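First comes the structure, then the notes that go with it.
The values are calculated or read from the model by the stated rules, or taken from the named source; none is laboratory data. Since we're looking at a predicted model, the values are computed, not measured. Every residue, glycine among them, receives a Cβ derived from its backbone with ideal geometry; neighbour counts consider all protein chains shown. Side chains included, ligands, DNA and RNA excluded: accessible areas come from the protein's heavy atoms. Shrake-Rupley method; radii C 1.70, N 1.55, O 1.52, S 1.80 Å.
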Amino acid sequence: MKQTDETWTTLRVLTWTSGYLAEKGVENARREAEWLLCEVTGLDRVGLYLNFDKPLSDGELAAYRGLVTRRAKREPLQYILGSQEFDGLCFEVSPGVLIPRHDTETLLEQALQQAPVARAVLDIGTGSGCIAIALATRLPDASVTAVDLSPEALTVARRNAERHGVTVEFLHGSFWEPVIGRSFDLIVSNPPYITTADMACLQPEVRDYEPSLALDGGPDGLNAYRAIVDQAAAYLQPGGWLWFEVGAGQALEVSALLAQAGFHGIITATDPGGIERVVGGCHGA
Ligand code: GLN
């Protein structure tokens, strides 16, 4: 077939789409245009580059148009592709769960540093299950429990545990309610921490698509921390650790909550972007 200037070759499609997505406010528009085209063609990025001059089929063009339209409306790339990498593992994500962030790997590292031989681990508000599953992978001798208020999230989290071949006990309910009477030596949580006022200012990908249940931390962003810290002592073995991810500017307040509740050895850690992202404390002993 003779190619004309009007032929939608791989290169022409990518050039047009990058411009279109950039116009719609998508950062890294060229990269994202490539990833979406990889999804449609089954090629990797090198494959795309080797096929720059190849025209796309009508079927590929139609499928690509569908994905690009979604991304142009600022639906997160991860929901469109259905996955996100965290701690070197690939997690299924859907609009019912917060997309795992690399910042949260800081929480994982700190928790593992302080509790390298934890036996009974709890993750409060597990979402996709990424923290609980990464911990179960790294601590093969531990029994890991994860709770979430969202049944939809638990369905995704269960599938993720299965995908990675680890056993995690997933329980439905609010904060401590599903684990009443039990105790743990490592408790982690990445709770909702955005203030209700700031919710409106989030980028469209987060504000319009990610679950507000996983984001909205109430008027001062600290509701979930209070609910967890207030009762944490009853659920921690002596010498056990409680670790939180916190939002920018919250480390001091969350440290104070832990200190007021009698925690000691309080530690904060910064994420790769230099933001104090993690706060932890030790209970008793
Ligand atoms: N890190 C997320 C964001 O800023 C918020 C996650 C949370 O509230 N726990 O988009």
- List, please: which pairs have Cβ atoms under 9 Å, are six or more places apart or on different chains, and start with a residue in segment 221-237 that is farther than 24 Å from Gly249 by Cα and end with one that is in a helix (DSSP H, G or I) and at pLDDT 95 or above? Tyr235/Val179
- Query: How about segment 241-264: which of its residues are within 15 Å of the ligand (Cβ to nearest atom), in contact with a Leu (Cβ under 8 Å, 6 or more places away or on another chain) and either part of a helix (DSSP H, G or I) or on the phi > 0 side of the Ramachandran plot (or both)?
  - Reply: Glu253, Val254
- Determine if segment 133-148 includes at least one residue that is touching a helix residue (DSSP H, G or I) at 6+ places or on another chain (Cβ under 8 Å), within 16 Å of the ligand (Cβ to nearest atom) and open to solvent by 10 Å² or more (accessible area, probe 1.4 Å). yes
- Message: When the residues of segment 205-222 are narrowed to those that are open to solvent by less than 30 Å² (accessible area, probe 1.4 Å) and assigned to a helix (DSSP H, G or I), which ends up farthest from the ligand (Cβ to nearest atom)?
- Response: Glu205
- Index of the failed condition, Ala111 passing every other in (1) more than 26 Å from Ile180 (Cα to Cα); (2) part of a helix (DSSP H, G or I); (3) in contact (Cβ under 8 Å) with a residue 24 or more places away in the chain: (1)
- How about segment 70-95: which of its residues are of a type in the set (Lys, Arg) and not in a helix (DSSP H, G or I)? Lys73, Arg74
- Message: Given the criteria open to solvent by less than 20 Å² (accessible area, probe 1.4 Å) and touching a residue at least 12 places away in the same chain (Cβ under 8 Å), does Gly265 qualify?
- Response: no
- Which of the residues belonging to segment 197-207 are in contact (Cβ under 8 Å) with a residue 24 or more places away in the chain and touching an Asp or Glu at 6+ places or on another chain (Cβ under 8 Å)? Glu205
- Task: Considering only segment 52-69, state which residues are under 16 Å from Glu39 (Cα atoms), outside any loop (DSSP other than H, G, I, E, B) and either under 26 Å from the mean Cα position of the chain (by Cα) or of a type outside the set (Lys, Arg) (or both).
- Result: Asp58, Gly59, Glu60, Leu61, Ala62, Ala63, Tyr64, Gly66, Leu67, Val68, Thr69
- Task: Run Arg182 past the list (1) within 16 Å of the ligand (Cβ to nearest atom); (2) open to solvent by 30 Å² or more (accessible area, probe 1.4 Å) and report the number of the one that doesn't hold.
- Result: (1)
